[in-house]
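Take a look at the structure set out below.
The values are calculated or read from the model by the stated rules, or taken from the named source; none is laboratory data. Just so it is clear, the model here is predicted, and its values are computed rather than measured. Counting neighbours? That spans all protein chains shown, and the Cβs are built from the backbone with ideal geometry, glycine included. For the accessible areas, the whole protein counts, side chains as well, though only heavy atoms, and no ligand, DNA or RNA atoms are used. Shrake-Rupley method; radii C 1.70, N 1.55, O 1.52, S 1.80 Å.
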Amino acid sequence: MPDSIFTKIINRELPAQIIYEDDRVVAFHDINPQAPVHVLVVPRKQIPMLDDLRPEDAPLVGHMVHVATKLAGELKLDLGYRIVMNCNHQGGQTVFHIHLHLMGGRQMQWPPG
Ligand code: AMP
């Protein structure tokens, strides 16, 4: 599998505003923010999409959510925020390396587009 754009960011081959990293995930600001705060939480493991998750990946996905909630606190999203994971083309996925969107700082609408 060729390296995804996010693997290149994780490997510091492409620039990004990285705000958090640990042994399992890296978080950085989205290049095209859809809210005042728009951060991506990306696993170091390159899994193309949610449909590719295996049972043993469940703790990793839980960790992604946990990191996002911690970052929401650090980014002062006290009034609330939204977490989104898109799957495949019809789900709006454009980068085929799973990631979680953490968005906040404005009133979110429902249903999403
Ligand atoms: P998705 O459409 O769910 O696959 O989300 C992919 C996200 O990656 C989009 O919100 C893009 O704006 C974002 N993105 C693409 N390239 C970069 C990059 N080089 N640095 C930061 N974010 C990026």
(request) Multiply the residue gap between LYS45 and TYR20 by 0.36 nm, knock off their C-alpha separation, and tell me the result in nm, one decimal place. (result) 7.4 nm
(request) Express in Å², to the nearest 10, the accessible area of TYR81 obtained by rolling a 1.4 Å probe over the protein heavy atoms while all chains stay in place. (result) 100
(request) For region 1-82, state which GluC sites (Glu not before Pro) are in a DSSP loop and have at most 12 other beta carbons lying within 10 Å of their beta carbon. (result) GLU13
(message) For q values of 0.13 Å⁻¹, compute log₁₀ I(q)/I(0) with the Debye formula on a Cα-only model of the chain, without solvent.
(response) -0.47
(request) Once you have the Cα-Cα distance between LEU79 and LYS8, take 0.36 nm times their residue separation minus that, and quote the gain in nm to one decimal. (result) 22.2 nm
(message) Need the C-alpha centroid separation for region 17-51 versus region 76-113, integer Å.
(response) 11
(request) May I ask you to derive the relative contact order of the chain, considering only C-alpha pairs under 8 Å and at least 6 residues apart, and to give it as an integer percent? (result) 29
(request) Tell me what the chain gives for mean residue ellipticity at 222 nm when only DSSP H runs of n ≥ 4 count, each as -39,500 (n - 2.57), the sum divided by the residue total, rounded to 500 deg cm²/dmol. (result) -6000 deg cm²/dmol
(request) List the trypsin sites (Lys or Arg not before Pro) within region 2-59 that fall in a DSSP loop (any state other than H, G, I, E or B) and whose Cβ has at most 10 other Cβ atoms within 10 Å. (result) ARG12
(request) Please compute the net charge surrounding ALA16, taking Lys and Arg as +1 and Asp and Glu as -1 over other residues with Cβ under 12 Å from its Cβ. (result) -1
